[in-house]
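Colleague: Structure below; questions to follow.
Every read-out reported here was derived from the displayed coordinates using simple, explicitly stated rules and does not represent laboratory data. Keep in mind it's a predicted model, so treat the numbers as computed, not measured. For neighbour counting, all protein chains shown are included, and Cβ atoms are generated from backbone atoms with ideal geometry for every residue, glycine included.
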């Protein structure tokens with residue numbers, strides 16, 4: 001399982017619209033192959049900042065399967081105009097702590 | 001519920017020792033009042049980068065209850081010398097997406 005992490009900086013005054021668009025966009029990502037779950041969290045220290053966490057079965061489910069899909073074009077159209085700057089996206093793997 | 005997020009940059013060559021120390025430190029944080037769960041994830045794009053995600057019942061459980069405790073001194077002694085630069089820590093709240 002892979003964790004996609006993106007810290008999102010939303011243009012001033014647009015957080016309410018962003019959240020509404022994100023609800024719509026959630027339906028897109030949730031339907032993709034390899035998608036497991038996602039959550040959007042809003043930052044307490046900075047009211048125009050969010051973090052998006054998406055769990056995928058594999059890295060390629062995100063980087064190829066989603067990003068090269070037609071639904072990604074709809075995702076982009078819904079969300080990308082809210083971001084300034086455009087977010088860096090990174091991927092993580094769980095470190096086992098019980099050993 | 002509050003999500004604490006810290007992106008951790010580990011000094012070159014010390015990731016194995018860091019992970020071992022983190023396992024020990026996990027026992028400290030897991031025993032604190034208001035602690036719910038935590039995970040450490042390692043970055044696929046940068047092998048000296050991690051993200052720490054900790055769920056707390058309230059913001060103060062982390063910022064006051066943990067950080068002003070004696071166990072936090074042990075946590076610091078175990079972990080802080082691995083970081084360069086010292087991490088920024090931010091807190092997030094879940095955005096409800098089902099409405």
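Colleague: May I ask you to say which residue of A:48, A:38, A:62 is touching a residue at least 12 places away in the same chain (Cβ under 8 Å) and more than 20 Å from residue B:94 (Cα to Cα)?
Modeller: A:62
Colleague: Hey, another quick one. Quick one: in the stretch A:35-49, of everything that is assigned to a strand (DSSP E or B) and within 7 Å of chain B (Cβ to nearest Cβ), which residue is farthest from residue A:15 (Cα to Cα)?
Modeller: Within the stretch A:35-49, the match that is farthest from residue A:15 (Cα to Cα) is A:39.
Colleague: Identify the residue in the stretch B:24-34 that is in contact with a strand residue (DSSP E or B) (Cβ under 9 Å, 6 or more places away or on another chain) and assigned to a helix (DSSP H, G or I) and, among all such residues, is surrounded by the most Cβ atoms within 10 Å (Cβ to Cβ).
Modeller: Among them, the one singled out is B:29.
Colleague: Can you tell me which residue in the stretch A:53-74 is nearest to the chain's Cα centre (by Cα), limited to those that are assigned to a helix (DSSP H, G or I), within 14 Å of another protein chain (Cβ to nearest Cβ) and surrounded by 17 or more Cβ atoms within 10 Å (Cβ to Cβ)?
Modeller: The qualifying residue nearest to the chain's Cα centre (by Cα) is A:62.
Colleague: Something else about it: Say whether the condition of being facing chain B (nearest Cβ under 10 Å) and touching a residue at least 24 places away in the same chain (Cβ under 8 Å) is met by at least one residue in the stretch A:77-88.
Modeller: Looking through the stretch A:77-88, at least one residue is facing chain B (nearest Cβ under 10 Å) and touching a residue at least 24 places away in the same chain (Cβ under 8 Å).
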